[in-house]
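Notes follow the structure.
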Amino acid sequence: MRLITLVLAALLAACGNDPSPPSGHPTHSGRADPHSFSRPEEARTRHVSLDLTVDFERRVLEGEVTLTLEGHAPQLTLDTRELVISGVNSGDTALEWSLGDARGALGQPLVIQTPGSVDSVTVAYRSSPEATGLQWLDPVQTAGGNHPFLFSQSQAIHARSWVPLQDTPQVRFTYDALIRTPAELRAVMSAHNDPEAEKTGTYQFQMPQAIPSYLLAIAVGDLEFRAMSDRTGVYAEAPVLESAVWEFSDTEAMMRVSEELFGPYLWGRYDLLILPPSFPFGGMENPRLSFITPTVLAGDRSLVALIAHELAHSWSGNLVTNATWDDLWLNEGFTVYLEARIMEVVFGEQRRAMEDVLGYENLVAELAELDEADQHLKLDLAGRDPDDAFSNVPYEKGRLLLVYLENAFGRETFDAYLRGYFDRFGFKSLGTAEFLADVQAHLLNPNPGVVSLADLDAWIHQPGLPPTVVVPQSNAFAAVDRQRTRWMQGEIAAAGLDTRDWTVHEWLYFVNNLRGMSAEQMAELDQAYQLTATRNNEIAHSWLLKAIANGYAPANERIEQYLRTIGRNKLIVPVYAALMDSDWGQEMARRVYAEARPTYHPLTQSRVDGIVGWVEVQE
Ligand code: BES
Ligand code: ZN
């Protein structure tokens, strides 16, 4: 027995990528976070003070962090990942510390001895050039081309790769920061940014609202600012600034609608930061300053639902925060629902309906591929890297649950519930079980006989979509279906399709639903509508996937160019996967990846490495 235990322990230790749960210890409210070594039930961080130098030559952040604590225990455990720690003290007193073994994506626990009444600790450290939460860009990877760029992406568990802290969404802290950069660059953070600040190379930030660690964010580059309204504006490199201001000029209108629907915006300013194309997400809801991919700069405002989404997180996510990454749907499902509500008011019901259908179709396609356990709203990610389990389920299935509740209880009742939810849980974190108790107390019980707990259970703890799903419909798309059918049946030529009134959404729906195309049919469409050459990245994504599936070789050059210039996971991961699935595209995928890999974000690299079977050649 003893031997078996030893062998098992050795096997587990050998498995370097195993992010198995530290101990599943409960927090103060009884919700274990399997992705943090910290023990906030003993002592919690209330304030974080950063003093960091941004060193582009060495690709490190170096300096110190002071954590102000509430509560006290003889030991304090922080999360770290590939950090080099040079010392820990509390005021003038040096503290003993040690780093535990590395556990894959969880990183290493930093255990600090805190005897007596230690109420703050200061850790001197530097990050690794390979920090998973940072991307260091060479000038050629930026829009301006003359200066380097740095940005962070902390969600889900990457803040620990650039700051040693209690890296769990159950701990909230205010923060301040002193950031030193090369003098010609500007630093911005998920904090109060002063649009008027001179470029001096020394920047000070205050964040008076308490945030969880995954919302800690920094970016440094040759950034300029342009106001859109007195509380919204854009930070971007000069070459993209004007087009971004034009593209996102509805931001203030979106804010007004959101406040009307969900309650006051509690964060002060709302600015957008436009990142270089290697940013791995569409957007990231860093408080006061959403980080945005430039791939949505379509020139026609067609992809601005992304802004509604990141803005909506100011309520769902940033105000009411998922307790663990198993509960991600409470952040993302609510946010996709709020996003749709904003889009409906700002751009009309028809646009909202089209976006709903497109999201639903993506979900249905993905459900067909996913393991059953990953189809539950409430996930069980203990022992897994949350990045590996990322899917549309928390987003679209989560949204559909809220649409179902809205339909069942009526909009007025449901909206009142939503408002109450944001009031009750503002600046708190919430697990799925607590959500269920809340929805029961405030929606189900006061309105008996409408929705049962069993109905909810099917959504939350079962795979697939339950029978209560309200499938979104769009009249505009029904018209697209009729056109497509006429062409497919040979009644009209491709050039004869009545596409005059089609927006980007109709095109997306049209392309997504092309099935069993011959290369000739692809060519006919391409000739009529220049789809391979489209400058809309979402349409390009859909079209190139069809080109791969149908062996339409004239798109190959465009596929290569697309994969070389975009780093957004959602747009490139499926394209690499489709190439690897095809019987001709593996060589192309591997060749392009070998070239593009150094320009991709660490997160993108680890996703695509697995898909193309990348093996680092050792010198
Ligand atoms: N918070 C997410 C991004 C995220 C989720 C990062 C989980 C790491 C772990 C962000 O708000 C998001 O959902 N972005 C989407 C936007 C889309 C749904 C409109 C994206 O990047 O595509
Ligand atoms: Zn989101």
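Tabulated data for the structure shown
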read-out: Long-range tail of P(r) for region 275-349 (Cα pairs > 15 Å, %); value: 57
read-out: Per-selection Rg to Rh, region 170-209 - Cα, Kirkwood hydrodynamic radius; value: 1.03
read-out: Hydrodynamic radius (Kirkwood) for the chain, which is based on Cα pairs only, to one decimal in Å; value: 25.6
read-out: Rounded tilt (10° steps) of 602-612 against the dominant C-alpha axis of the chain; value: 50
read-out: T321 long-range amide H proximity, modeled H, under 5 Å; value: K428, S429, L430
read-out: Relative packing of peptides 278-285, 205-212 - highest average C-beta neighbours within 10 Å first; value: 278-285, 205-212
read-out: Acute angle (nearest 10 degrees) that the helix 569-581 long axis makes with the longest principal axis of the chain, alpha-carbon atoms; value: 60
read-out: Sorted by Cβ density within 10 Å, fewest first, the residues R31, R180, R568, R256; value: R256, R180, R31, R568
read-out: Peptide ranges 316-328, 460-472 listed from the most packed, as the mean C-beta count within 10 angstrom indicates; value: 316-328, 460-472
read-out: Between helix 411-425 and the chain: long-axis angle, C-alpha atoms, 0 to 90°, nearest 10; value: 20
read-out: Additional length obtainable on full extension of the chain from D230 to E196, 0.36 nm per residue less Cα span; value: 11.0 nm
read-out: Modelled FRET efficiency - R0 25 Å, Q113 with V84, Cβ distances, 0.05 increments; value: 0.80
read-out: Inter-centroid distance (Cα atoms) of region 316-369 relative to region 166-189, Å; value: 29
read-out: Length added when fully stretched, D51-A493, from 0.36 nm per residue minus Cα-Cα; value: 152.7 nm
read-out: Quarter of Cα convex hull surface for region 119-249, i.e. mean projection, nm²; value: 9.0
read-out: Alpha carbon centroid spacing (whole Å) that separates region 399-465 from region 102-163; value: 37
read-out: Rough spin-label spacing in nm, given labels placed 7 Å along Cα→Cβ, for N445 and D371; value: 3.7
read-out: Segments 431-440, 118-127 sorted - mean Cβ within 10 Å per residue, highest first; value: 118-127, 431-440
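Each reported figure results from applying straightforward, stated rules to the coordinates on display, with no laboratory input. Just so it is clear, the model here is predicted, and its values are computed rather than measured. Cβ: placed from backbone, ideal geometry, glycine included. Neighbour counts: every protein chain shown.
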